[in-house]
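Student: Have a look at the structure that comes next, please.
The values are calculated or read from the model by the stated rules, or taken from the named source; none is laboratory data. Remember, it's a predicted structure, so these values are computed and weren't measured experimentally. Cβ atoms come from the backbone with ideal geometry, glycine included; neighbour counts cover every protein chain shown.
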Amino acid sequence: MPGTDLRVVSYASDDAQLLTVEVQAEYGRRYGGEGDISPIDLHQFDAPEGHFVMIYVDDVPAAMGGWRRGGPGGATDGEIKRMFVRPAFARRGLARTILAELERTAIAAGITRLVLETGTAQPEAIALYESSGYATIPAFGFYADYDDSVHLAKTIASTP
């Protein structure tokens, strides 16, 4: 797409934090409360233990996502977090582009499976992941006991 640029960034960057504020407001709107309350360290996505990207459209931050090493399967799992496309940029394939980049870079880092948690109030996210080969797994992590939580995974590489 002309004017579109995928960039590796720090999750601690101003643009990533700007979109985080927006996605948290969206989670609050959909689920009530303050949004995603699971603990996240700003540097969990730094290489080699993670990877974080943003897509810019005409130099405007439009979408983001990252993975951090670890999950229910241990160090060969990577957990996808902070996937978000600003509403003004929805339906342009940006989420699929980010997801493909996260899978590619996770494989390069030795990750064999990506896991994630989303929620029932995000049917578009569930549809994206399921259409990309992610399947339901047993609940894990911070939101394991939440009834509106959906836990998904995809094997992306064979065990090294």
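Student: Would you mind telling me which numbered condition in (1) without any contact (Cβ under 8 Å) to a residue 60 or more places away in the chain; (2) under 21 Å from LEU18 (Cβ atoms) ASP145 fails?
Tutor: So the condition that ASP145 fails would be (2).
Student: Hey, among ARG104, ARG30, which residue is surrounded by fewer than 19 Cβ atoms within 10 Å (Cβ to Cβ), modelled with pLDDT under 95 and outside any strand (DSSP E or B)?
Tutor: Matching residue, one of ARG104, ARG30: ARG30.
Student: Output the number of the condition that ILE111 fails; it satisfies all remaining conditions of (1) crowded, with 21+ Cβ neighbours inside 10 Å; (2) among the β-branched types (Val, Ile, Thr); (3) part of a helix (DSSP H, G or I).
Tutor: Failed condition: (3).
Student: Step by step: first the residues of the stretch 35-49, then only those that are hydrophobic (A, V, I, L, M, F, W, C) and in contact with a Phe, Trp or Tyr (Cβ under 7 Å, 6 or more places away or on another chain), then the one that is modelled with the lowest pLDDT. Which residue is that?
Tutor: Per the criteria, the residue is LEU42.
Student: Right, here's the next one. Just checking, does the stretch 152-160 include any residue being modelled with pLDDT of 95 or more, surrounded by 15 or more Cβ atoms within 10 Å (Cβ to Cβ) and in a loop (DSSP other than H, G, I, E, B)?
Tutor: Yes; the residues of the stretch 152-160 include at least one that is modelled with pLDDT of 95 or more, surrounded by 15 or more Cβ atoms within 10 Å (Cβ to Cβ) and in a loop (DSSP other than H, G, I, E, B).
Student: Hey, VAL9 hits all of (1) more than 24 Å from LEU152 (Cα to Cα); (2) at pLDDT below 95 but one; which does it fall short on?
Tutor: Of (1) more than 24 Å from LEU152 (Cα to Cα); (2) at pLDDT below 95, only one is false for VAL9: (2).
Student: Show the residue pairs that are 6+ apart or on different chains and have beta-carbon atoms under 8 Å apart, the first residue being within the stretch 8-22 and in contact (Cβ under 8 Å) with a residue 40 or more places away in the chain and under 22 Å from GLU103 (Cβ atoms), the second being small (Gly, Ala, Ser) and part of a helix (DSSP H, G or I).
Tutor: Note: pairs meeting the criteria are VAL9/ALA16; SER10/ALA16.
Student: Still on this structure, I have one more. Among the residues of the stretch 75-97, is any within 22 Å of PHE142 (Cα to Cα), surrounded by fewer than 18 Cβ atoms within 10 Å (Cβ to Cβ) and of a type outside the set (Asp, Glu)?
Tutor: Scanning the stretch 75-97 turns up at least one residue that is within 22 Å of PHE142 (Cα to Cα), surrounded by fewer than 18 Cβ atoms within 10 Å (Cβ to Cβ) and of a type outside the set (Asp, Glu).
Student: Of the residues GLU49, GLU124, only one is surrounded by fewer than 20 Cβ atoms within 10 Å (Cβ to Cβ), touching a strand residue (DSSP E or B) at 6+ places or on another chain (Cβ under 6 Å), without any contact (Cβ under 8 Å) to a residue 60 or more places away in the chain and closer than 23 Å to SER38 by Cα; which?
Tutor: When all the criteria are applied, what remains is GLU49.
Student: Out of everything in the stretch 71-89 that is in a loop (DSSP other than H, G, I, E, B) and in contact (Cβ under 8 Å) with a residue 12 or more places away in the chain, what residue ends up being nearest to SER10 (Cα to Cα)? It would help to see each step written out before you state the result.
Tutor: Start the filter on the stretch 71-89 by keeping residues that are in a loop (DSSP other than H, G, I, E, B), which leaves 71-76, 86.
Right, trim to in contact (Cβ under 8 Å) with a residue 12 or more places away in the chain and you get 71-73, 76, 86.
On the way: GLY71: 21, PRO72: 25, GLY73: 25, THR76: 22, ARG86: 18 Å.
Looking at the filtered set, the residue picked out is ARG86.
Student: Tell me, which residue of the stretch 42-60 that is of a type outside the set (Gly, Ala, Ser) and assigned to a strand (DSSP E or B) is farthest from GLY93 (Cα to Cα)?
Tutor: First pass over the stretch 42-60, keeping only residues of a type outside the set (Gly, Ala, Ser): 42-46, 48-49, 51-60.
Checking the rest, the ones that are also assigned to a strand (DSSP E or B) come to 51-57, 60.
Numbers: HIS51: 20, PHE52: 18, VAL53: 15, MET54: 13, ILE55: 11, TYR56: 13, VAL57: 12, VAL60: 16 Å.
Checking each candidate, the answer is HIS51.
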